[in-house]
């Protein structure tokens, strides 16, 4: 271990410089290695439409993280259904959703019109169904996946009323079962009807249509091709009329089209939907439904009629935004509480429960802001932002060189390091967390130039003050650092605190400014500690700076330095005595 005498008084600045060099090179290499070499641009720079939706509800307890996440999932499906690619739907804060739709191929105007409409959940009786689009050339190895309201289109399609024992053992039931909750009163329960075996996809293709298509839907049902995105409905039609809808069977890779009767039960009549594990009959994961008085009566009457019908007229389609997310068969009249089962996984059961709960909540969204930017205007704004940033950088460089001369080169090098770190991090964050560089964020980056330059100035002026007092350069660098460090940290802390508060209390584009300001402020601390201080320490050891060359920026004569008195700095007290 080295003794204190062997350690330089000004430390080992080369280690800090090597460390920040490794960090900078590593981030840049990662940026090029992943292929994310440019920051992701926001709507106001790339062009597109940004919609800010604020959740409203008579019951504040209804606005929860679970319901907001469910709304994001539903809105994502809505936006994608318009043929828009690379759209972003994300929550900000506890009650706000931001929808960014780029200027790509797709109907942005229709998306803006429909995006804020509250998702509607209906229960409709199934009148007929048939496979549509490209069909598998061979029967699938396992039965269909049932209901899965995930990011992809809803699964769960079949004409079979119930899975056979063999089908249940082989895999997921073709269609979920809807029965009375055994934990609730069973006074309204009837004897289940006989279950039929589940047909395969090939048998479905041969039969084509199961059930009877009403005359008013015959032409629409025949022409409907659910594999064609433009033909799929993404909204609820008149609840009092018959309707068509689509569903996707992910396991068999088949689209199904449905002919549905008028709405029998409104999703708002659901009090609660809960995913639970059937411990009594070892039936696996299931979804428990509880209806209010209105829903209970309507549900009992409808299920009583469906239970007596042949397949597929004994199925109850759960329709969300025009899509069938599940269509369980009914084997008995059910009042009050019900259970949807069908060999669910835990995630599938919870997902369906969330959809059912969301449809039952009085949750609406208000468009608090809609901004549409053309690609040309976005390009112009990006160009203007870059020009403004470039002008700001040039002015700082010129000021540093004119006023600080040799020291100005240190500030320029620090700005380059800070810019490289900021650019690499923003490019990686765009791919990692979806951070998009918008116009306010560019403004934050421009402001950061001043913050970084200010830190250099604070340290430089502290050093120059020490030189004016007659101290040699190397001691001056060390004496100036503690006071400069304290000032820089306080200043950066205030800036970072303001950025953090602004980020937390604001929404939309203002958060881009706050995020960039906070990021660059944090990087300023890194650069000043790991680059500026070590670099000046090394330069103080050189003859050019140590002897105060006139172009070093530390010329004692130019700074009006006081001469040394008996090897010590001249104090103000001694100066007063001489006077």
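Computed from the coordinates by the stated procedures, all read-outs in this text should not be read as laboratory data. The structure presented is a predicted model; accordingly, all values stated were derived computationally and were not measured. Every residue, glycine as well, gets a Cβ built from its backbone with ideal geometry; the counts of neighbours run over all protein chains shown.
Full extension of the chain segment joining residue 491 with residue 238 gains 85.0 nm, where the gain is 0.36 nm per residue of separation less the Cα-Cα distance. Rounded to the nearest 0.05, what FRET efficiency do residue 468 and residue 431 have when you use their Cβ-Cβ distance and R0 = 45 Å? For residue 468 and residue 431, the calculated efficiency is 0.35.
Quick check: from the Cα gyration tensor, does the range 383-466 come out rounded (a/c under 1.5), prolate or oblate?
Because a/c hits 1.5 or more and a/b exceeds b/c, the range 383-466 counts as prolate.
Taking 7 Å steps out from each Cα toward its Cβ at residue 279 and residue 555 produces label points 8.6 nm apart.
Distance between the modelled labels on residue 61 and residue 387, one decimal in nanometres: 5.7 nm (7 Å Cα→Cβ projection).
Annotation for the range 209-270 versus the range 31-55: alpha-carbon center distance of 36 Å. Summarising the label geometry, the points placed 7 Å from Cα in the beta-carbon direction at residue 543 and residue 223 lie 9.1 nm from one another.
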